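Single-structure report; data block below.
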Amino acid sequence: MADEAVPADLGRLWRLPTPARLGRPAELDVDRVVRAAVELADRSGLAAVTLLKVAQTLGFTKMALYRHVGSKDELFELMADFAIGPAPDLGTVRPEWRAGLRQWAHAMRAVYAEHPWLPQLPISGPPRGPNTIGWVDAALRALADTGLDWATKVGILMLVSGHVRQASLLTQQVTEARRGTGLDEVQANRNYRRTLAVLVDPDRFPEAAALFASPLFESPPDGDADAADQDFVFALELILGGVAAEIDGA
């Protein structure tokens, strides 16, 4: 595809060269705008990122940004591709699919922990940037020798990435809610169980009542990992088990 056939926003996302303009070199460029926006989001959260605030951070007017970023939605897409960074290196030799997807998922979760606003971004379409396409390619390479068709591979990719995103968001929400109470994870779980054990009628909710009568919420997480880590790994391994069943049936 010729450069002139590429939409302007996609050209900026891939940093395609643009015709040089006469006069002094531009003081702003896409990279500078995106870095400022990412730093602002890392520092103050996604709600703090507006074109006006990014422009003020850089010492320019909002109108000056429009030559490099067409809209707030485009800025978010540029930020997402920049912040997620290069895909994890799964090795030059194709990995065993389960180990590869597991490494891929943990790497994405680590990126979300570094940039908590990243999973909060609205999903406006499929991956389009060079970094996000790199992550897609890495996951597909892990699945390359499974015998699965393309639709199934893409479905697996969406399932695993969706799990990472939702688990990261849930961890943020639980942490934020707990911060206001001053309770640690174990105390919060115990209070939850004891309160619900009083309210849940075993005649109306027999299984839920049995759950709240159990010691599940009274015990700290096993080992050094916290509950969020254990829940993430547990669900990921369930997903990988489903992938294995799909591969066996292919």
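Just so you know, all these numbers are worked out from the coordinates, no wet-lab data involved. These numbers come from a predicted model, not from an experiment. Counting neighbours? That spans all protein chains shown, and the Cβs are built from the backbone with ideal geometry, glycine included.
The radius of gyration of the Cα set in region 107-158, together with its Dmax, comes out at 12.6, 36 angstrom. Think of each Lys and Arg Cβ as +1 and each Asp and Glu Cβ as -1; about the Cα centre, that makes the dipole of the chain roughly 980 debye.
Net charge of the neighbourhood of Ala250, taken over other residues with C-beta under 13 Å away and scored Lys/Arg +1, Asp/Glu -1, is -3. Near the amide H of Thr50, within less than 5 Å, lie no amide hydrogens of residues on another chain or at least 5 residues away, with H placed in the peptide plane.
With both labels modelled 7 Å from their Cα along Cα-to-Cβ, the Asp73 to Thr195 distance reads 4.0 nm. The alpha carbon gyration tensor of region 99-245 gives principal lengths a ≥ b ≥ c with a/c of 1.5 or higher and a/b greater than b/c, which makes the shape prolate. Legend: helices of the chain (whole DSSP H runs) are marked when their alpha-carbon atoms reach 27 angstrom or more along the helix axis and their mean Kyte-Doolittle hydropathy is at least -0.5; marked are 150-179, 227-249. Rounded, prolate or oblate for the chain? Axes are the square roots of the Cα gyration tensor eigenvalues, ordered a ≥ b ≥ c, and the cut-off for rounded is a/c under 1.5. Note, shape of the chain comes out oblate.
When the chain is described by a simple charge dipole with +1 on each Lys and Arg Cβ and -1 on each Asp and Glu Cβ, the residue from Ile247, Pro130, Thr171 located farthest towards its positive end is Pro130.
Here the dipole of region 143-250 is about 480 debye; that uses its Cα centre as origin and unit charges on the Cβ of Lys and Arg (positive) and Asp and Glu (negative). Rg and Dmax of region 49-158, based on Cα coordinates, read 16.9, 54 Å. Highest-first packing order for the peptide set 177-188, 119-130, 36-47 is 36-47, 119-130, 177-188, based on the mean count of other beta carbon atoms within 10 Å. Peptide packing: for 244-250, 201-207, 137-143, 9-15, the average count of neighbouring Cβ atoms within 10 Å per residue gives the ranking 137-143, 9-15, 244-250, 201-207, highest mean first. Near Ile84: Cβ cut-off under 15 Å, other residues only, Lys/Arg at +1 and Asp/Glu at -1. The net charge is -2.
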